[in-house]
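Below is one structure, written out as structure tokens; the observations come after it.
The values are calculated or read from the model by the stated rules, or taken from the named source; none is laboratory data. Since the structure is predicted, the reported quantities are computational estimates derived from the model, not experimental observations. Positions of Cβ are backbone-derived with ideal geometry, glycine not excepted, and every protein chain shown enters the neighbour counts.
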Amino acid sequence: MTENREQPALRVVLTDVDTRVVEAWRAAFADTPGIEIREGSILDEDVDAWVTPTNSQGRMDGGVDAVIKRHLGAGIQLRVQRAIRDRFAGTLPVGSAVCVPSGATVPRYLISTPTMVRSSQDVRDTLNVALACAAAFQAVHRRNRQVPGSIRSVALVGMGAQTGRLPARVCANLMWTGYTLFNEHRFEDDDQLRATITAQLDGIANAPAAERVRVVPPKGHSSRR
């Protein structure tokens, strides 16, 4: 993990058609500056990248994935699955993400990050949403290192709150954890990201639903940007 000293400003939009998710975000992100929260479709967001929660095979056959596939065309799934094949031998682990050109003007990129291994998997008893959210933001870091300024704005939906059956408040708190990690750290290795989150959030299922957990770096790493 490296220090994030030159983090470019990133406009972050949280948008969902589910009122419960929107209200939960407003509670979880109440003291977090720079976040735009609104009720509505991600298709209406004029940003550089959309983040879609997917499955490990990149099959865009349900939930927000299917909505985005219908909007952008079948070619988007082919690009996502090609990226998964090239980088991950065909299976995208939870806690990783791929960023591909969308083929459209808005957004220019689609970031796919799995909240589940199989389509429609129940993720209520997992840390998958925190892992997926953090991985999506790390994909923004990677893309901007490759081509500075590529992604200056990004929109996300409520991860796992529909097909994953995750309660809205838990979804919001886990996404807050992923976003906070993005603001403070940059991981060069997905395995280290997964290990850090899993170790520190182990047992969170027994914590109060409204409790937010800030992940801190292992000893020897600075959390200052």
Single match in ASP65, ASP61 (criterion: surrounded by fewer than 16 Cβ atoms within 10 Å (Cβ to Cβ), touching a residue at least 12 places away in the same chain (Cβ under 8 Å) and within 21 Å of ASP16 (Cα to Cα)): ASP61
Of the listed residues (GLY103, GLY34), the one being more than 25 Å from VAL170 (Cβ to Cβ) and surrounded by fewer than 22 Cβ atoms within 10 Å (Cβ to Cβ) is GLY103
May I ask you to verify whether GLN138 is in contact with a Gly (Cβ under 6 Å, 6 or more places away or on another chain) and either touching a residue at least 24 places away in the same chain (Cβ under 8 Å) or of a type in the set (Ser, Thr, Tyr) (or both)? no
Just for the stretch 141-157: of the residues that are out of contact with any Ser or Thr (no Cβ under 9 Å at 6 or more places or on another chain) and buried (at least 22 other Cβ atoms within 10 Å of the Cβ), which one is nearest to ILE37 (Cα to Cα)? VAL154
Could you check the stretch 162-180 and list, in sequence order, the residues that are surrounded by 24 or more Cβ atoms within 10 Å (Cβ to Cβ), modelled with pLDDT under 90 and small (Gly, Ala, Ser)? GLY178
For the stretch 188-204, the count of residues that are at pLDDT 75 or above, assigned to a loop (DSSP other than H, G, I, E, B) and closer than 20 Å to LEU10 by Cβ equals 0
Just one of THR32, THR19, THR15 is over 19 Å from ALA139 (Cα atoms), among the hydroxyl-bearing types (Ser, Thr, Tyr) and free of Cβ contacts under 8 Å to residues at least 40 places away in the same chain; which is it? THR19
Failed item, numbered, when GLN138 is tested on (1) surrounded by fewer than 24 Cβ atoms within 10 Å (Cβ to Cβ); (2) touching a helix residue (DSSP H, G or I) at 6+ places or on another chain (Cβ under 8 Å): (1)
Failed item in (1) out of contact with any Lys or Arg (no Cβ under 9 Å at 6 or more places or on another chain); (2) surrounded by fewer than 21 Cβ atoms within 10 Å (Cβ to Cβ), with SER112 passing the rest: (2)
